[in-house]
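Encoded as structure tokens, the structure appears first; notes follow it.
The values are calculated or read from the model by the stated rules, or taken from the named source; none is laboratory data. Values in this document were obtained by computation on a predicted structure and should not be read as measured data. Note: ideal-geometry Cβ built from the backbone for every residue, glycine included; neighbour counts use all protein chains shown. In case anyone asks, the SASA skips ligands and DNA or RNA and just uses the protein heavy atoms, side chains included. Shrake-Rupley method; radii C 1.70, N 1.55, O 1.52, S 1.80 Å.
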Amino acid sequence: GAGVSQSPSNKVTEKGKDVELRCDPISGHTALYWYRQSLGQGLEFLIYFQGNSAPDKSGLPSDRFSAERTGGSVSTLTIQRTQQEDSAVYLCASSQGQGRDTQYFGPGTRLTVL
Amino acid sequence: DQQVKQNSPSLSVQEGRISILNCDYTNSMFDYFLWYKKYPAEGPTFLISISSIKDKNEDGRFTVFLNKSAKHLSLHIVPSQPGDSAVYFCAANSPLTGANSKLTFGKGITLSVRP
């Protein structure tokens with residue numbers, strides 16, 4: 001079956017602009033995670049969804065970051081007033097949501113803020 | 001504050017030899033550990049995991065060893081193959097997060113297997 005897909009694959013934006021990153025999880029997966037990987041760093045947890053609710057938003061770095069999930073499926077990560085330090089690869093993962101089910105990652109969106 | 005540390009950024013081994021990738025952690029609440037493999041322009045893919053109730057888990061050419069007292073784990077790949085060349089991430093999870101299996105990752109190790 002289809003894996004996790006993310007769009008766009010690359011996004012270049014100017015400082016101060018808003019961006020939206022999209023994630024399509026594997027069909028039927030109730031858990032969805034956003035991570036980001038900055039240059040030379042490991043993956044950093046941002047937010048976790050179970051269905052449409054986000055019980056853990058503890059990784060969002062500032063109030064410029066928000067995310068939503070609709071229909072228990074597609075998720076959008078929005079970054080407002082982008083800054084250069086937001087430049088990173090944003091990765092989405094989904095899992096069946098049962099305990100420690102394997103997280104399947106998408107290919108990521110590479111965001112560059114000029 | 002890096003809770004999962006992969007101190008060696010890169011490793012180069014000869015095809016057919018053993019690759020040993022190391023990982024240390026500081027959070028004593030971690031009780032589940034995973035290795036992910038990542039090729040360029042792709043997302044990480046799950047490789048192998050180990051629960052803290054075990055000290056070894058094996059899957060084909062891949063074996064993960066856990067030393068809880070030392071807060072250290074290692075991934076052994078034997079024999080190494082050129083297709084194993086990738087970035088390997090160590091990750092950990094705590095039971096405190098409940099159903100939220102958010103992972104804490106290390107910075108990754110780039111493995112190069114020379115033909």
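Laid out as a table, the results:
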item: Calculated FRET value between residue B:12 and residue B:61, using beta carbons and R₀ = 25 Å, to 0.05; result: 0.90
item: Residue B:90 accessible area, 1.4 Å probe, all protein chains in place, Å² to nearest 10; result: 0 Å²
item: List of region B:30-61 residues, accessible area with partners at least 50 Å² below that of the chain alone (1.4 Å probe); result: B:44
item: 18 Å cut-off, amide nitrogen to a point 7 angstrom out along residue A:66 Cα→Cβ, residues in region A:1-42; result: A:16-23, A:34
item: Residue (of B:91, B:48, B:10) at the positive-pole extreme of chain B, dipole from beta-carbon charges; result: B:10
item: Prolate/oblate/rounded call for the protein assembly as shown, Cα gyration tensor, a/c under 1.5 rounded; result: prolate
item: Residue-by-residue Karplus 3J(HN,Hα) for region A:73-78, coefficients 6.51, -1.76, 1.60, Hz, glycine and proline x; result: 10, 4, 10, 10, 9, 10
item: Average partner coverage of B:101-112, which counts Cβ from other chains inside 10 Å; result: 5
item: Beta bridges by DSSP in chain A, antiparallel share as percent, to the nearest 5; result: 90 percent
item: Chain B - percent relative contact order, Cα under 8 Å, separation 6 or more; result: 37 percent
item: Solvent exposure, largest accessible area first (probe 1.4 Å, DNA, RNA and ligands not counted), of A:114, B:11, A:43, B:47; result: A:114, B:11, B:47, A:43
item: Relative contact order, percent, chain A [alpha-carbon distance under 8 Å, six or more residues apart]; result: 37 percent
item: Area accessible to solvent at residue A:77, 1.4 Å probe radius, in Å²; result: 0 Å²
item: Inter-centroid distance (Cα atoms) of region A:75-90 relative to region B:51-115, Å; result: 29 Å
item: Sequence of B:17, B:114 when ordered by accessible area, the most exposed leading, probe 1.4 angstrom; result: B:17, B:114
item: Residue A:96-residue B:52 pseudo-label distance in nm [points 7 Å out on the Cα-to-Cβ vector]; result: 2.5 nm
item: Exceeding the 19 Å Cα-Cα cut-off - candidates A:57/B:71; B:5/B:71; B:5/B:54; B:71/B:107; result: A:57/B:71; B:5/B:54
item: Reduction of at least 10 Å² in accessible surface, 1.4 Å probe, comparing all protein chains with the chain by itself, residues of region A:40-56; result: A:40, A:41, A:42, A:43, A:45, A:48, A:56
item: With DNA, RNA and ligands ignored, accessible area of residue A:76 (1.4 Å probe; Å², nearest 10); result: 30 Å²
item: Antiparallel bridge percentage (DSSP; both residues within the protein assembly as shown; nearest 5); result: 90 percent
item: In Hz, Karplus ³J(HN,Hα) per residue of region B:28-38 (6.51, -1.76, 1.60; θ = phi - 60°; x = Gly, Pro); result: 6, 7, 5, 9, 8, 10, 9, 10, 10, 10, 9
item: Region A:5-102, dipole about Cα centre (Lys/Arg Cβ +1, Asp/Glu Cβ -1), debye to the nearest 20; result: 60 debye
item: Of all accessible heavy-atom area on the protein assembly as shown, the percent that carbon and sulfur account for (1.4 Å); result: 48 percent
item: Region A:5-102: C-alpha gyration tensor shape, a/c 1.5 cut-off, then a/b vs b/c; result: prolate
